[in-house]
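Asks: Next up is a structure, given as structure tokens.
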Amino acid sequence: MPLIARAAPLLILLVACAALGAALIFQHVFGYVPCQMCLWQRWAYYVGIPLAAVLAAGGTRLPSGLVKAGLAVLLLVFAANAALGLYHAGVEWHFWPGPTSCGAGAAGPSTGSLIEDLKRTRVVACDAAPWHFLGLSFAGWNMVASAVVALMSGVGLLGRRPYGSSSVSQYR
């Protein structure tokens with residue numbers, strides 16, 4: 001089995017954890033409040049990270065069909081998330097309108113006082129990117145990270161062969 005096929009779940013796990021970790025650091029350390037679409041894009045990581053962890057931890061002990069199915073799920077989840085990131089980036093660049101429900105951000109922990117909570121709550125619009133790096137917003141970078149994870153899933157999926165078979169054993 002090619003090394004990339006064996007390493008794909010671990011690489012996927014590392015990239016996905018780095019992407020979600022960066023989003024959480026920007027939110028909780030630097031104070032960037034996510035919009036509703038940003039929160040939607042995190043669901044792929046909430047599904048993908050545990051699945052990649054199981055596949056990576058299972059290694060060669062897992063049945064090949066189960067690993068293929070897991071990689072196929074990761075491919076679909078992160079390809080869809082890359083499309084959502086592209087859609088969100090297009091909303092930020094005003095190429096197309098975003099959902100009408102998109103405008104509520106996240107608030108901090110409740111103080112027990114509705115008036116105080118309302119004063120502290122920042123509404124974040126989905127069409128206003130608060131940050132750019134190399135021309136891409138958070139949504140754009142999420143699109144890149146999700147596309148990379150989807151690509152790694154596809155490479156791992158295509159590189160999987162049933163355990164115990166190799167190109168050398170065909171000629172013995």
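The values are calculated or read from the model by the stated rules, or taken from the named source; none is laboratory data. These figures come from a predicted structure and were not determined experimentally. Methodologically, a virtual Cβ is constructed for each residue, glycine included, from the backbone with ideal geometry; neighbour enumeration extends over all protein chains shown.
Asks: In this structure, does Leu66 turn out to be crowded, with 17+ Cβ neighbours inside 10 Å, assigned to a helix (DSSP H, G or I) and either modelled with pLDDT of 90 or more or in contact with a Leu (Cβ under 9 Å, 6 or more places away or on another chain) (or both)?
Replies: Working: crowded, with 17+ Cβ neighbours inside 10 Å: no; assigned to a helix (DSSP H, G or I): yes; either modelled with pLDDT of 90 or more or in contact with a Leu (Cβ under 9 Å, 6 or more places away or on another chain) (or both): yes.
No, not satisfied.
Asks: Considering only segment 25-42, I want to know if a residue exists there that is of a type in the set (Gly, Ala, Ser) and under 19 Å from Ala145 (Cβ atoms). Lay out the reasoning, then the answer.
Replies: Filtering segment 25-42 down to residues of a type in the set (Gly, Ala, Ser) leaves 31.
Subset that is under 19 Å from Ala145 (Cβ atoms): none.
No, every residue in segment 25-42 fails to be of a type in the set (Gly, Ala, Ser) and under 19 Å from Ala145 (Cβ atoms).
Quick grid of which residues meet (1) of a type in the set (Lys, Arg); (2) touching a residue at least 24 places away in the same chain (Cβ under 8 Å); (3) farther than 30 Å from Ser137 by Cα:
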{"position": "Pro9", "(1), (2), (3)": "no, yes, no"}
{"position": "Val29", "(1), (2), (3)": "no, no, no"}
{"position": "Val33", "(1), (2), (3)": "no, yes, no"}
{"position": "Met37", "(1), (2), (3)": "no, yes, no"}
{"position": "Arg42", "(1), (2), (3)": "yes, no, no"}
{"position": "Gly70", "(1), (2), (3)": "no, yes, no"}
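Asks: Now, a different point. Could you please give the count of residues in segment 48-63 that are surrounded by fewer than 23 Cβ atoms within 10 Å (Cβ to Cβ), on the phi < 0 side of the Ramachandran plot and either not hydroxyl-bearing (Ser, Thr, Tyr) or not in a helix (DSSP H, G or I) (or both)? Spell out the reasoning first.
Replies: Within segment 48-63, the subset surrounded by fewer than 23 Cβ atoms within 10 Å (Cβ to Cβ) is 49-51, 53-54, 56-63.
Then drop every residue that is not on the phi < 0 side of the Ramachandran plot, which leaves 49-51, 53-54, 56-58, 60-63.
Retained after the next criterion (residues that are either not hydroxyl-bearing (Ser, Thr, Tyr) or not in a helix (DSSP H, G or I) (or both)): 49-51, 53-54, 56-58, 61-63.
Residues meeting the conditions: 11.
Asks: Checking the structure you have, find out if any residue of segment 39-47 is farther than 30 Å from Pro97 by Cβ, at pLDDT 90 or above and either in a helix (DSSP H, G or I) or within 17 Å of the chain's Cα centre (by Cα) (or both).
Replies: Taking segment 39-47 as the starting set, the residues that turn out to be farther than 30 Å from Pro97 by Cβ are none.
No; the residues of segment 39-47 include none that is farther than 30 Å from Pro97 by Cβ, at pLDDT 90 or above and either in a helix (DSSP H, G or I) or within 17 Å of the chain's Cα centre (by Cα) (or both).
Asks: Quick test for you: out of Leu86, Leu75, Leu157, pick the one residue that is touching a Lys or Arg at 6+ places or on another chain (Cβ under 8 Å), assigned to a helix (DSSP H, G or I) and at pLDDT 65 or above.
Replies: Numbers: Leu86 fails: touching a Lys or Arg at 6+ places or on another chain (Cβ under 8 Å); Leu75 fails: touching a Lys or Arg at 6+ places or on another chain (Cβ under 8 Å).
Just a single option satisfies the conditions, and that option is Leu157.
Asks: How many residues are out of contact with any helix residue (DSSP H, G or I) (no Cβ under 6 Å at 6 or more places or on another chain) and within 20 Å of Ala83 (Cβ to Cβ) when one looks only at segment 39-67?
Replies: Going through segment 39-67 one residue at a time, the tally reaches 5.
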